[in-house]
Amino acid sequence: MRTLTVSGHIDPSTAFRVRPFPNPAHPFVSLEVEGADITISLLASAGSANALRSLAAAATEAATTLDALTTDKAPQAADHG
């Protein structure tokens with residue numbers, strides 16, 4: 001990944017879209033994360049499939065963690081004061 005830092009909030013209405021660009025010389029896909037006010041496009045060229053799979057695995061882990069944080073399974077924060 002090249003240098004760029006972006007912060008955004010995913011909410012229940014966030015949309016995700018994959019757009020293929022089958023250019024014979026340089027095929028790539030765009031993975032778009034679209035909210036009410038902003039769209040973030042991640043461009044993945046040939047050879048980046050494993051990076052996309054890692055992103056998908058990290059997103060699944062984040063979702064599982066969020067589920068745990070919003071149920072009684074979540075560890076409770078210590079009260080220090």
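The values are calculated or read from the model by the stated rules, or taken from the named source; none is laboratory data. The model shown is predicted, which means the values in this text are computed figures rather than measured ones. Backbone-built Cβ (ideal geometry, glycine too); neighbour counts: all protein chains shown. The accessibility values were calculated without ligands, DNA or RNA, using every heavy atom of the protein model including side chains. Shrake-Rupley method; radii C 1.70, N 1.55, O 1.52, S 1.80 Å.
Observations, loosely collected:
- In the range 1-53, the residues that are open to solvent by less than 80 Å² (accessible area, probe 1.4 Å), in a loop (DSSP other than H, G, I, E, B) and either in contact with a Gly (Cβ under 9 Å, 6 or more places away or on another chain) or on the phi > 0 side of the Ramachandran plot (or both): Gly8, Asp11, Thr14, Gly35
- Whenever a residue of the range 47-71 is more than 17 Å from Val18 (Cβ to Cβ), its partners that are at pLDDT below 95, lying with C-beta atoms within less than 7 angstrom and at least six residues away or across chains, give the pairs Ala68/Ala74.
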